[in-house]
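Here the structure is laid out as structure tokens; the discussion comes afterwards.
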4 protein chains.
Amino acid sequence: MKRILLTGFDPFAGEQNNPSWEVVRKLEGLLIGDQHQIVSVLLPCEFHRSLQTLEAALKKHRPAVVLALGQAGGRAEISIERIAINVDDARIPDNAGAQPIDVPVFSDGPAAYFSRLPVKAIVHDLQQNGIPAGVSQTAGTYVCNHVFYGLMHMAEKMDYVQAAGFIHIPYLPEQAIAHPGAASMPLDMMKTGLVHVLETILKTRKDMVIAGGATH
Amino acid sequence: MKRILLTGFDPFAGEQNNPSWEVVRKLEGLLIGDQHQIVSVLLPCEFHRSLQTLEAALKKHRPAVVLALGQAGGRAEISIERIAINVDDARIPDNAGAQPIDVPVFSDGPAAYFSRLPVKAIVHDLQQNGIPAGVSQTAGTYVCNHVFYGLMHMAEKMDYVQAAGFIHIPYLPEQAIAHPGAASMPLDMMKTGLVHVLETILKTRKDMVIAGGATH
Amino acid sequence: MKRILLTGFDPFAGEQNNPSWEVVRKLEGLLIGDQHQIVSVLLPCEFHRSLQTLEAALKKHRPAVVLALGQAGGRAEISIERIAINVDDARIPDNAGAQPIDVPVFSDGPAAYFSRLPVKAIVHDLQQNGIPAGVSQTAGTYVCNHVFYGLMHMAEKMDYVQAAGFIHIPYLPEQAIAHPGAASMPLDMMKTGLVHVLETILKTRKDMVIAGGATH
Amino acid sequence: MKRILLTGFDPFAGEQNNPSWEVVRKLEGLLIGDQHQIVSVLLPCEFHRSLQTLEAALKKHRPAVVLALGQAGGRAEISIERIAINVDDARIPDNAGAQPIDVPVFSDGPAAYFSRLPVKAIVHDLQQNGIPAGVSQTAGTYVCNHVFYGLMHMAEKMDYVQAAGFIHIPYLPEQAIAHPGAASMPLDMMKTGLVHVLETILKTRKDMVIAGGATH
């Protein structure tokens with residue numbers, strides 16, 4: 001049985017929960033197809049310890065697929081991140097109080113890594129199943145991008161990793177109540193969406209060629 | 001058995017469906033408490049015929065409660081409208097091709113009617129149940145406001161109507177896919193929300209005093 | 001010489017200045033056409049005292065035209081308010097600490113008053129002059145709407161008032177800096193815009209019939 | 001006398017003008033400090049020809065500083081782009097009808113280039129001068145990012161280029177009129193801002209360490 005590693009984060013910025021961990025924990029142990037089983041891991045919302053925890057999980061489980069998830073409060077859709085960039089620039093301190101500004105994630109790494117997911121096929125499949133989804137051109141410069149970049153950097157040298165990337169998800173409805181006017185998505189829809197995402201990853205050999213860019 | 005009249009609209013503006021009718025049709029016949037039963041009526045998205053249809057339904061069913069629903073594409077929450085204003089000002093033609101500009105809904109009516117719903121108690125109860133909700137200070141100037149104003153004007157003279165008002169609901173997820181970045185709410189959550197709304201209307205004698213305004 | 005009364009507000013909500021007073025003070029004494037002169041009055045951002053101050057100014061100056069201005073932080077254009085509603089519902093306390101919720105501005109007043117400005121002609125003229133402008137369907141439920149409603153209510157009995165209404169203006173650029181991503185408009189453009197507005201009011205006998213509504 | 005190369009684009013997406021060229025053309029020939037003179041060049045809004053034109057201008061003028069500008073319709077501030085990514089993904093065809101999807105700008109280039117401007121010092125200086133400004137984490141995937149990436153890639157091998165980067169600017173007010181609710185900035189403020197930007201580039205040896213990131 002091969003492994004799919006899913007990661008979610010601790011709550012941050014005063015939230016009571018984090019949809020990324022809420023959905024990831026619900027998928028623990030699930031089989032996708034008949035050869036892949038999900039392992040769910042919680043990452044602290046901290047620049048330093050998040051990658052330590054991720055590295056340990058990668059080495060322990062040797063997953064074929066790695067999907068890291070994070071909360072993008074205010075976005076309305078499941079957004080598949082296209083690129084991770086080599087910089088930390090924190091507007092608010094992380095959960096350990098660290099606030100790095102304009103420092104690289106890995107000082108020996110390239111400026112960026114593209115996702116190793118079939119980004120367009122994932123968006124297309126989610127939409128076909130009635131779930132709002134889109135491509136995102138930036139994962140920000142906070143712990144989410146840090147983990148995304150760190151994942152891609154570490155996975156370069158792990159030949160068992162065949163697909164890896166990052167997905168941002170909206171607030172849960174109960175979170176959105178505290179943010180008047182903010183979009184949200186119920187947990188069940190996120191969970192259904194994640195299963196579609198994983199199935200698409202496993203079955204896609206070559207990504208689709210459909211527009212998913214932004215003019216700015 | 002008393003009646004609750006729910007109304008929803010036909011699709012407009014190129015949409016394939018209208019969440020207001022999708023949710024209202026699903027509630028047809030449902031009992032709320034043990035004395036009230038729902039009657040669901042479809043209104044055309046037309047200035048003229050919408051109120052003709054509504055008037056006929058009011059006279060036929062003599063409802064104790066009337067709740068008109070409409071789609072507010074882009075809003076993220078169930079929004080309880082506070083006030084209906086006496087003007088039609090259409091940016092786009094209605095489904096019959098009419099586009100009134102700055103004409104009153106009823107030339108002998110007052111400038112506005114406040115909702116006769118316990119607006120704050122409804123918002124509070126929805127939020128307590130994990131459903132994003134808020135007060136809206138404007139229902140626009142299109143067919144939704146037209147029906148809201150017409151309802152309040154006609155219900156003035158129908159002493160069997162004890163509560164009446166208008167609620168805007170977001171896009172369905174399948175609609176939002178065609179509007180990148182737009183918020184949405186699944187049909188099940190809307191349906192659950194509507195039942196809460198009706199229960200709150202029936203049990204509330206005096207509205208709650210909690211802030212729900214806007215600075216502008 | 002006839003009088004035009006312009007009012008602006010004190011800063012509120014932690015701002016250092018209020019664009020409404022910044023622009024109104026700059027127009028003090030200006031002649032519009034050859035028969036009208038501007039009188040500028042500062043209103044406190046307080047529910048109670050704002051209307052006391054306004055009433056005193058109306059009685060003292062007996063203006064032919066009254067234009068009250070307020071700040072709408074986040075809006076991008078000069079927005080001409082269509083309607084004032086008879087309710088105070090404050091999300092935040094006013095500058096005197098009062099926070100009325102769901103109480104009428106005047107308990108003996110109607111639900112709403114429409115603006116007595118040529119709203120569409122004003123928007124059209126501003127746009128012709130390259131200044132972003134639009135119709136707004138709600139002035140909120142805070143001190144701005146309170147003053148707008150109070151103005152219309154008091155002016156009903158003052159036969160020297162021939163035109164009266166309310167206009168919301170954006171942040172100044174220096175304010176927007178503290179609100180990342182918020183729109184703004186320079187003071188000079190606001191000032192030029194206000195002169196156009198007053199000229200349009202004086203020369204318009206009958207408002208234009210052009211769409212300016214909202215679907216919701 | 002050293003050269004500063006400024007570039008702006010042709011109008012696109014149905015616009016009558018492009019603020020990037022409107023402001024750049026106004027600065028042609030201006031001296032910044034006593035050693036640098038501005039050369040302004042118009043780029044076609046086309047994937048292929050834009051970089052051909054840029055390359056010719058770089059070789060002809062051998063500029064010490066290169067600043068490419070583009071329009072970001074809907075943004076409210078002067079936004080200094082942090083990073084250019086190696087992908088074209090066009091939602092709409094360019095002015096020559098080309099619509100590349102998921103192809104690299106340079107197939108032999110790295111995934112991304114960071115700006116070679118003192119991004120934080122520029123934002124700080126603009127704000128100090130009352131001009132809304134911010135850091136942007138994405139320049140999109142259209143012709144703007146294409147030119148930004150191409151500029152950084154070509155400038156790598158041109159040792160006379162000491163600073164290079166990309167700046168997005170808002171709609172002009174006259175453009176915003178056709179996009180109700182969209183933010184804008186007057187041409188004069190853009191022009192003043194650009195001069196501040198260039199002065200900051202020339203005088204900054206080491207960028208400031210102030211937060212300018214995004215959580216997502």
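Hey, any hits in the stretch B:98-109 for a residue that's within 11 Å of another protein chain (Cβ to nearest Cβ), farther than 30 Å from A:Ala76 by Cα and of a type in the set (S, T, N, Q)? Within the stretch B:98-109, one or more residues are within 11 Å of another protein chain (Cβ to nearest Cβ), farther than 30 Å from A:Ala76 by Cα and of a type in the set (S, T, N, Q).
Looking across the stretch B:18-37, the residues that are crowded, with 16+ Cβ neighbours inside 10 Å and in a loop (DSSP other than H, G, I, E, B) come down to B:Asn18, B:Leu27, B:Leu30. Given the structure, is B:Ala155 of a type in the set (Gly, Ala, Ser), over 19 Å from B:Ala121 (Cα atoms) and more than 9 Å from every other protein chain (Cβ to nearest Cβ)? So B:Ala155 passes the test. Being in contact (Cβ under 8 Å) with a residue 24 or more places away in the chain and within 14 Å of another protein chain (Cβ to nearest Cβ) is a property that holds for D:Glu22. Put simply, of B:Gln71, B:Gln137 the only residue that is polar (S, T, N, Q) and within 19 Å of B:Gly193 (Cβ to Cβ) is B:Gln71.
When you scan the stretch B:65-85, do you find a residue that is at pLDDT 95 or above, surrounded by fewer than 21 Cβ atoms within 10 Å (Cβ to Cβ) and more than 14 Å from chain C (Cβ to nearest Cβ), even just one? Checked against the condition, which is being at pLDDT 95 or above, surrounded by fewer than 21 Cβ atoms within 10 Å (Cβ to Cβ) and more than 14 Å from chain C (Cβ to nearest Cβ), the stretch B:65-85 yields no hits at all. Selection of the stretch C:167-208 for residues being surrounded by fewer than 19 Cβ atoms within 10 Å (Cβ to Cβ), touching a residue at least 24 places away in the same chain (Cβ under 8 Å) and not in a helix (DSSP H, G or I) yields C:His179, C:Thr204, C:Lys206, C:Asp207, C:Met208. Checking each residue in the stretch A:118-140 for being more than 9 Å from chain D (Cβ to nearest Cβ) and under 15 Å from the mean Cα position of the chain (by Cα) picks out A:Pro118, A:Ile122, A:Val123, A:Ala133, A:Gly134.
Does at least one position in the stretch D:149-157 carry a residue that is within 13 Å of D:Ile80 (Cβ to Cβ) and either in contact with a Gly (Cβ under 7 Å, 6 or more places away or on another chain) or surrounded by fewer than 24 Cβ atoms within 10 Å (Cβ to Cβ) (or both)? No - not one qualifying residue is present in the stretch D:149-157. Number of residues in the stretch C:1-17 that are closer than 21 Å to C:Ala64 by Cβ and surrounded by fewer than 17 Cβ atoms within 10 Å (Cβ to Cβ): the value is 2. For C:Leu42, indicate whether it is free of Cβ contacts under 8 Å to residues at least 40 places away in the same chain and part of a strand (DSSP E or B). Here the answer is yes, as C:Leu42 does meet what is asked.
Looking across the stretch A:116-166 at every residue that is in contact with a His (Cβ under 9 Å, 6 or more places away or on another chain), of a type in the set (A, V, I, L, M) and part of a helix (DSSP H, G or I), the one that is farthest from A:Gly74 (Cα to Cα) is identified as A:Ile122.
The values are calculated or read from the model by the stated rules, or taken from the named source; none is laboratory data. Just so we're clear, the structure is a prediction, and the values are computed from it rather than from any experiment. Here Cβ is always computed from backbone atoms with ideal geometry, including for glycine, and neighbour counts include all displayed protein chains.
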